[in-house]
Amino acid sequence: MSAFETFCQTAIDDIRAQGRYREFTPLRKQARRFPYYEGTNGREVLVWSANDYLAMGGHEAVIEAACETARQMGAGAGGTRNISGTSPAHDALEAELAHLHGKPAALLFTSGFVSNQAALSTILASRPAGREHLWQVFSDEKNHASMIAGLKSVPAHVHIFRHNDLAHLEQLLEAAPPEAPRLIAFESVYSMDADIAPLEAICDLAERFGAMTYLDEVHAVGMYGRTGGGVSERDGVAHRIDIIEGTLAKAFGCHGGYITGQSVVVDYIRCVAPGFIFTTSLPPSTAAAALASVRHVRGDHDRRARLFERAETLKRRFDAAGLPRIASESHIVPLHIGEAVLCREVSQRLLEEFGMYATPINYPTVPRGQERLRFTPSPAHTDEMMDALVAALVQILAPAKRQAA
């Protein structure tokens, strides 16, 4: 075994010892049976942690759009959009996404991770006219790993402000050199803590200090706002945010990421970002499916209302059963477990004994001691499903409570 292989084995052994080793759970999504998946030996599993928030991944219009486009254009894009050309599906989807967020332009990427990493790193590598200093970036401490990757990939002065702490953000902005370009990077819905950023107040600070704003709406697009434009639409501040980033892989049930903003900014990123230029584009069938989903979701107000009703119902049922729910402002319902090995054990018992699956969330996704299960009830999760889930969790967690006492 080489020195590097030995290092890898030692690191994996350490991760196992901490209870943080990640194993894939074999689950086969059933388009017409969501949220039921097929597990091992054909067993049906009720999934509680999927990011297909609106159950659009199995919508007939979405599937048909993918199939028809694949029949016409084939399975893959055949290269980047510079090499193989851009399909009508890509162009139409970008136009739809720009309209969704009230922006002049949009640009597609192969994933939400890539869109954040590529857009942020490209912006921070620039030198705006008359400002030769490095960018001063103000990033919420709980921003997603993809945003952090973009911020760290090029030289910039990165200031981390305490989560949703406006006073701390203001303090950092005041201390930064005024001659340097500034960028505030933040999310709307934070998926692990299930809380929501004060967008209007952040925009106020950005305008006061002359900072650009970069908002990640991946856990909000499709769900929040009158047409699913996200929390920025709901709060009436989309026009005050310079770049809104989102995903097609969660509420829209498909795949891919994107940014929206002013045409010249989006065009600059299109022309310069390596994460766009050198990556094969989304298959036209995926773009067509996403387009069908976005168009449907924008007008499906009942589906959005059902999502939030289901989330609030699950919160009430957890509370009534005395389960250790973490307070949530959003559609995401986290349950505190507090120990990595126990978190994995609870998840395994849910699956093996009760035929239900919820992902264990451990370090480094959350800090040690804050391990949790994360539940994302969709419009398709029924009261009966919730009854079964609560009963299972009470049975699993009661012995753990007694042991801790």
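The values are calculated or read from the model by the stated rules, or taken from the named source; none is laboratory data. No experiment lies behind these values; they were computed from the predicted model shown. All Cβ positions, even for glycine, are placed from backbone atoms using ideal geometry, and neighbour counts span all protein chains on display. For the accessible areas, the whole protein counts, side chains as well, though only heavy atoms, and no ligand, DNA or RNA atoms are used. Shrake-Rupley method; radii C 1.70, N 1.55, O 1.52, S 1.80 Å.
So the values come out like this:
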{"quantity": "Long-range amide H partners of Thr365 with built H, under 5 Å", "calculated": "none"}
{"quantity": "Structure-based [θ]222 nm, the chain - -39500 (n - 2.57) summed over DSSP H runs of at least 4, per residue, nearest 500", "calculated": "-14000 deg cm²/dmol"}
{"quantity": "Sequence-distant residues sharing a close amide H with Met212 (under 5 Å, placed H)", "calculated": "Arg182, Leu183, Ile184"}
{"quantity": "Cα gyration tensor, the range 195-280 - rounded (a/c under 1.5), prolate or oblate", "calculated": "oblate"}
{"quantity": "Most mobile listed residue (Ser330, Ser378, Ser84) in the chain, GNM with C-alpha springs under 10 Å", "calculated": "Ser84"}
{"quantity": "Loop-located chymotrypsin sites (Phe, Trp or Tyr not before Pro) in the range 228-297 whose Cβ has at most 16 other Cβ within 10 Å (DSSP)", "calculated": "Phe278"}
{"quantity": "Along principal axes, Cα extents of the range 1-120, largest first, whole Å", "calculated": "50, 39, 31"}
{"quantity": "Cα-based helix-to-principal-axis angle, 199-209 vs the chain, degrees rounded to 10", "calculated": "30"}
{"quantity": "Trypsin sites (Lys or Arg not before Pro) restricted to DSSP loop in the range 144-244 with at most 15 other C-beta within 10 Å", "calculated": "Arg162, Arg226"}
{"quantity": "Entries of Lys29/Lys152; Lys152/Lys315; Lys142/Lys250; Lys103/Lys315 with Cα pairs more than 29 Å apart", "calculated": "Lys29/Lys152; Lys152/Lys315; Lys103/Lys315"}
{"quantity": "Amide H contacts of Ile326 (H built 1.01 Å from N, under 5 Å, at least 5 apart or other chain)", "calculated": "Leu335, His336"}
{"quantity": "Histogram of C-alpha separations across the range 85-236, 5 Å bin width, %", "calculated": "2, 9, 18, 20, 21, 16, 9, 4, 1, 0"}
{"quantity": "q = 0.18, 0.19, 0.23, 0.27 Å⁻¹, the range 144-190: log10 I(q)/I(0) [Debye, one scatterer per Cα]", "calculated": "-0.63, -0.70, -0.99, -1.22"}
{"quantity": "Distant alpha-carbon pairs in the range 33-79 (separation over 16 angstrom), percent", "calculated": "57"}
{"quantity": "Between helix 60-73 and the chain: long-axis angle, C-alpha atoms, 0 to 90°, nearest 10", "calculated": "50"}
{"quantity": "For the chain, built as a Gaussian network whose Cα springs stay under 10 Å, the top-fluctuating residue of Glu312, Glu352, Glu96", "calculated": "Glu352"}
{"quantity": "Karplus 3J(HN,Hα) series, Hz, for the range 175-189 with 6.51 cos²θ - 1.76 cosθ + 1.60 (x for Gly, Pro)", "calculated": "7, 6, x, x, 7, 8, x, 10, 9, 9, 10, 7, 10, 8, 9"}
{"quantity": "Average silhouette area of the chain, convex hull of alpha-carbon atoms, in square nanometres", "calculated": "22.4"}
{"quantity": "In order through the range 340-345: 3J(HN,Hα) via Karplus (6.51 cos²θ - 1.76 cosθ + 1.60), integer Hz, x for Gly, Pro", "calculated": "4, 5, 5, 4, 5, 5"}
{"quantity": "Binned Cα-Cα distances of the range 184-229, short to long, each 10 Å bin given as a whole percent", "calculated": "26, 50, 23, 1"}
{"quantity": "Angstrom value of the Kirkwood radius, inverse mean 1/r, which spans all Cα pairs in the range 153-308", "calculated": "17.0"}
{"quantity": "Relative contact order computed over the chain (Cα-Cα under 8 Å; 6+ residues apart), in percent", "calculated": "22"}
{"quantity": "GNM top mover of Gly225, Gly275, Gly236 - the chain, alpha-carbon springs below 10 Å", "calculated": "Gly236"}
{"quantity": "His331 - accessible surface, heavy atoms, 1.4 Å probe, Å² rounded to 10", "calculated": "0"}
{"quantity": "Heavy atoms of Glu60 accessible to a 1.4 Å probe, total area in Å² rounded to 10", "calculated": "100"}
{"quantity": "Beta bridge orientation in the chain: antiparallel %, DSSP, nearest 5", "calculated": "55"}
{"quantity": "Solvent-accessible surface ranking, highest first, for Val394, Val154 at 1.4 angstrom", "calculated": "Val394, Val154"}
{"quantity": "Kirkwood hydrodynamic radius (C-alpha pairs) into Stokes-Einstein, the range 256-405, 25 °C and 0.890 mPa s, D in µm²/s", "calculated": "133"}
{"quantity": "Backbone HN-Hα couplings from phi across the range 246-255 [Karplus 6.51/-1.76/1.60, Hz, Gly and Pro as x]", "calculated": "x, 10, 9, 9, 10, 4, 7, x, 10, 7"}
